[in-house]
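Following: one structure in structure tokens, then a few remarks.
The values are calculated or read from the model by the stated rules, or taken from the named source; none is laboratory data. Just so we're clear, the structure is a prediction, and the values are computed from it rather than from any experiment. Cβ atoms come from the backbone with ideal geometry, glycine included; neighbour counts cover every protein chain shown. What goes into the accessible areas is simple: the full protein's heavy atoms, side chains included, and nothing from ligands, DNA or RNA. Shrake-Rupley method; radii C 1.70, N 1.55, O 1.52, S 1.80 Å.
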Amino acid sequence: MCLLLGATGVGKTLLVKRLQKLSSRDGKGDLGDLPPTRPTVGTNLTDIVAQRRITIRELGGCMGPIWSSYYGNCHSLLFMVDTSNPTQLSASCVQLLALLSAEQLAEASVLILFNKIDLPCYMTIEEIKSLIRLPDLIACAKQNITTVEISARKGTGLSEVLRWLEDTHRMNG
């Protein structure tokens, strides 16, 4: 099981819809028009079928206080950050720290997604890494942490996310 977490409005639902479309075409071709999305209230389960079936459980940002009740059986974690929303960054950092310190997630592989890099007001990866002290987080975390810059809207970086999911779930069975 893969958990997809992040604050409200960071683009989690769009990401899973895009990954589903990308995986169904073997990563080739146009992603097509933007699918409609609404903020997730509760949880969505989505299967991505690439080299194997990977189930992604997306939890709504508003569910942050009870995310921990979903940590069991989590092999991988996608954590999404909105690079165009500096006011949300400190809250996202607090959420990420809580995830990385959770005992049930100590064995999970973590992919931090820096989304919305297509927007003109986005913070650079260097700015974000500095603000959230990412090198320190990575050095102290028990988990294997990878980062990628993406645009769920434009499709930038999504093939890297799909490849990471495939590689991670191949290792974890």
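With percent of Cα pairs over 26 Å apart as the read-out, I listed (i) 33; (ii) 71; (iii) 22; which label goes with the value calculated from this structure? So the calculated entry is the one marked (iii). Per-residue Karplus couplings for the range 55-67, computed as 6.51 cos²θ - 1.76 cosθ + 1.60 with θ equal to phi - 60°, are listed in order as 9, 10, 9, 8, 10, x, x, 5, 8, x, x, 10, 3 Hz, Gly and Pro entered as x. Probe radius 1.4 Å, ligands and nucleic acids ignored: give me the carbon and sulfur share of the accessible area of the range 100-173 as a rounded percent. Solvent-exposed carbon and sulfur of the range 100-173 make up 49 percent of the total. The label-point distance for residue 159 and residue 106, in a model that sets each label 7 Å from Cα toward Cβ, rounds to 3.9 nm. For the range 8-14, putting each phi into the Karplus relation 6.51 cos²θ - 1.76 cosθ + 1.60 with θ = phi - 60° gives couplings of 4, x, 7, x, 4, 5, 4 Hz, in residue order, rounded to whole numbers and with x for Gly and Pro.
Under a 5 Å amide H cut-off, with hydrogens placed 1.01 Å from N, residue 84 pairs with 123 among residues at least 5 apart or on other chains. Note on residue 21: lysines with a C-alpha under 24 Å away, same-chain residues under 8 apart excluded, are 12, 116, 154. For residue 150, the residues 5 or more places off, or on other chains, whose built amide H falls under 5 Å of its own are 114, 115, 116, 117.
Split the accessible area of the range 1-66 by element, probe 1.4 Å, and carbon with sulfur accounts for 50%. Counting only residues at least eight positions apart within a chain, or on another chain, the aspartates and glutamates with an alpha carbon under 15 Å from that of residue 129 are 82, 149. Per residue, the solvent-accessible area of the range 8-85 (1.4 Å probe, heavy atoms of protein chains only, all protein chains present) comes to 50 Å². Length available on full extension from residue 69 to residue 144: 0.36 nm per residue minus the Cα-Cα distance, which gives 24.8 nm. In the assembled protein chains, residue 24 presents an accessible area of approximately 90 Å² (probe radius 1.4 Å).
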